[in-house]
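The values are calculated or read from the model by the stated rules, or taken from the named source; none is laboratory data. Everything numeric here is computed off the predicted structure, so don't read it as measured data. With ideal geometry, Cβ positions are generated from the backbone for all residues, glycine too; neighbour counts draw on all protein chains shown.
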């Protein structure tokens, strides 16, 4: 054969993609619709305005797919009109990922004391208590939160989804 | 959006309403024709239209027709097509056309009325969530809530529709916003800061591409509609490059006309109903130069059997079209025109010449495949073969100023195979979405843009009936569109697949009680003609051309004819079926074929 040939990678990978968008009506629906319309996964998604003066929101999407699908997702996101800037934090270098969770535990005194020990060990904060409930706040990587919840066995959980940025000097800011 | 230009400097003209500003912005965007249908929510806009003479409004008979007309208008001129419809059903009726324009990269702007802002969300009469419904079938859409935003949004919408890979844009306009006082901003004051798709190719990739092009043994150019969207100059550069290399070229359904069909270097359309030589050359090439095409499933056949030994160069302005279906080796994200210019100038700078000795074995192989005459069919003395009808139509219209549109199905494939396009912008067909009912309203849009040209809708009777209400529009506006209906009383392509994959069981693909098309034409105030034998055909075609009024030509054709060649679903390019007698027809009735669309 005359030319070299490229190997296709079919292994599933988890990617964290950060997207800076104009905070206009429908922008979140546009991004979510792109995933649902083409059958791609969203493992987690967070969004909030990050620059009030410039009306910019930052969306952090954690998604799983083959290399080809991840590339396709990035290309599709990149061509949306309100998308200002996009970074695949997973491939561009070290990444800081944090998630916040609230977890509620109920039970007798012994059960609650066990929960306090777990929380202390995992660095979770007690933020609310009644005679038979405790509510904790924990931040950390998704894996940290998974292990905390496994140990805690809470009756109710609320997770914020992943927020992320690159380690070191790299930043995501709107293109000039 | 955040980057609204400052309009503080604009003269405050309080006498303008939102509707006035809307029309002024359209005129500023060089819009001359608007295809539309009125209703309650857009009455202020229609009132403003009534009071001016810059824009002509064409009253269609169904909103779907308006969108296809705007598509035909856009694709035959390179301009942006414009549609105006009312809220609710007016807006929902545009969804098929919007999706069609999105799939086929057609720049259109669709203005939809909306209930007044204070009623939005109240399930008001003729309310629909238009931006919600059209979000997945537009390139972008807007809901304008402040009348001072109207002009900026219109200018942005035209930019978005045109820039990068073209597509449809919706602007939803609540009635109160149209009645409110509004300020105007000129188009030169609105620059979209963020949406500026890359146009220029990376020079190192162009150099690498020319390296590969210069030493390929079995090269092929695979050209799509992106080159036509890039404009006339892009098509001319393409022609120069292909002729200087001496390489064979195949085109997609959407690309026909970019390179002249009559040129010996053109080896026919490729894909499911492409020529044997084009598909075999795609399969056997060592270098594929794809320009402005998107490796659609109708083109590739079975993905793991697609051109297995080739190095693939892909030029496309849309980064999401690259590596979507087929992994390519050298992607070039750029406007096709700019990329072609760069390729040609690099080729010339390095003094590359056509090398006939290097290419001789490849052209010899191609000539061998061509000798199979894959577009051949068996003539009949008694019944009109649909392929023959198109050949005769081509014979009588090739030297005229002719535009062709089609519906969707067998007739569309025969038109693509047997009507030979030497120029771009002359061929309007629904490729991606496959919208039956596209051709007649599209032809209406083409004729509006080219009033003195011959515009023919090559149609099947089933598709044509889907939007036949537009005959009434044609008569009203004196648009002499010719409907050339290849009438076989079947949804032919459905019947063909039932023949191949479902044991000849023709479930619901036969239409009883079709109208008498000649009398139907007369009822509309048009001219009806009919041919039922080959002997009558030429006279009917000539009369159809001569009559300067809308014509329905009912060409009664052989009911059993199927489209060949055919790459059945689940097959690769080299597994192409040439005829019903083809012993190499491998997968007739296979599970694979049944499961693909």
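Table for the structure above
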| item | result |
| --- | --- |
| Spans of helices (runs of 4 or more DSSP H) in segment A:61-146 with at least 3 residues surrounded by 13 or more Cβ atoms within 10 Å (Cβ to Cβ) and more than 14 Å from chain B (Cβ to nearest Cβ) | A:89-92, A:109-122 |
| Hits in segment A:12-36 - residues which are within 11 Å of another protein chain (Cβ to nearest Cβ), farther than 17 Å from residue A:163 by Cα and assigned to a strand (DSSP E or B) | A:22 |
| Residue in segment B:352-360 that is within 14 Å of another protein chain (Cβ to nearest Cβ) and at pLDDT 95 or above present | yes |
| Candidates B:523, B:531, filtered to the one that is without any contact (Cβ under 8 Å) to a residue 12 or more places away in the chain and under 22 Å from residue B:468 (Cα atoms) | B:523 |
| Residue, farthest from residue B:103 (Cα to Cα), within segment B:290-305, restricted to residues that are buried (at least 19 other Cβ atoms within 10 Å of the Cβ) and within 13 Å of chain A (Cβ to nearest Cβ) | B:295 |
| Selection status of residue B:326, part of a loop (DSSP other than H, G, I, E, B) and closer than 25 Å to residue A:71 by Cα | yes |
| Scan of segment B:102-119 for residues that are within 14 Å of another protein chain (Cβ to nearest Cβ) and surrounded by fewer than 18 Cβ atoms within 10 Å (Cβ to Cβ), ordered by number | B:117 |
| Some residue of segment B:167-190 being within 14 Å of another protein chain (Cβ to nearest Cβ) and surrounded by fewer than 16 Cβ atoms within 10 Å (Cβ to Cβ) | no |
| Identity of the residue in segment B:191-235, part of a helix (DSSP H, G or I), more than 27 Å from residue B:253 (Cα to Cα) and touching a strand residue (DSSP E or B) at 6+ places or on another chain (Cβ under 7 Å), that ends up nearest to the other protein chains (Cβ to nearest Cβ) | B:208 |
| All positions within segment B:269-299 that are in a helix (DSSP H, G or I) and modelled with pLDDT of 95 or more | B:276, B:277, B:278, B:279, B:280, B:281, B:282, B:283, B:284 |
| Test: residue in segment B:470-487 that is part of a loop (DSSP other than H, G, I, E, B), in contact (Cβ under 8 Å) with a residue 40 or more places away in the chain and farther than 16 Å from residue B:549 by Cβ | no |
| Segment B:44-58, residues that are assigned to a loop (DSSP other than H, G, I, E, B), surrounded by fewer than 16 Cβ atoms within 10 Å (Cβ to Cβ) and either in contact with a strand residue (DSSP E or B) (Cβ under 7 Å, 6 or more places away or on another chain) or on the phi > 0 side of the Ramachandran plot (or both) | none |
| Test result for residue A:18, surrounded by fewer than 19 Cβ atoms within 10 Å (Cβ to Cβ), under 23 Å from residue B:198 (Cβ atoms) and in contact with a helix residue (DSSP H, G or I) (Cβ under 8 Å, 6 or more places away or on another chain) | no |
| Condition check for residue A:45: under 22 Å from residue A:96 (Cβ atoms) and more than 9 Å from chain B (Cβ to nearest Cβ) | yes |
| Selection status of residue A:38, exposed (fewer than 14 other Cβ atoms within 10 Å of the Cβ), over 22 Å from residue A:159 (Cβ atoms) and modelled with pLDDT under 95 | yes |
| In segment B:125-143, the residues that are outside any strand (DSSP E or B), facing chain A (nearest Cβ under 7 Å) and within 14 Å of residue B:157 (Cβ to Cβ) | B:131 |
| Failed criterion for residue B:530 (all others in (1) part of a loop (DSSP other than H, G, I, E, B); (2) over 21 Å from the mean Cα position of the chain (by Cα); (3) over 28 Å from residue B:571 (Cα atoms) hold) | (1) |
| Residue in segment A:87-107 that is in contact with a helix residue (DSSP H, G or I) (Cβ under 6 Å, 6 or more places away or on another chain), at pLDDT below 95 and more than 30 Å from residue B:160 (Cα to Cα) present | yes |
| Hits in segment B:308-321 - residues which are in contact with a helix residue (DSSP H, G or I) (Cβ under 9 Å, 6 or more places away or on another chain), surrounded by fewer than 24 Cβ atoms within 10 Å (Cβ to Cβ) and more than 7 Å from chain A (Cβ to nearest Cβ) | B:308 |
| Count of residues meeting criterion [within 28 Å of residue B:233 (Cα to Cα) and either within 14 Å of chain A (Cβ to nearest Cβ) or surrounded by fewer than 19 Cβ atoms within 10 Å (Cβ to Cβ) (or both)] in segment B:262-284 | 4 |
| Output for segment B:121-138, where each listed residue is surrounded by 16 or more Cβ atoms within 10 Å (Cβ to Cβ) and within 35 Å of the chain's Cα centre (by Cα) | B:126, B:127, B:128, B:130, B:131, B:133, B:134, B:135, B:136, B:137, B:138 |
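Okay, residues lined up against (1) surrounded by fewer than 24 Cβ atoms within 10 Å (Cβ to Cβ); (2) over 21 Å from residue B:533 (Cα atoms); (3) touching a strand residue (DSSP E or B) at 6+ places or on another chain (Cβ under 9 Å):
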site	(1), (2), (3)
B:443	no, yes, yes
B:452	yes, yes, no
B:464	no, yes, yes
B:469	yes, yes, no
B:473	no, yes, yes
B:481	no, yes, yes
B:516	yes, no, yes
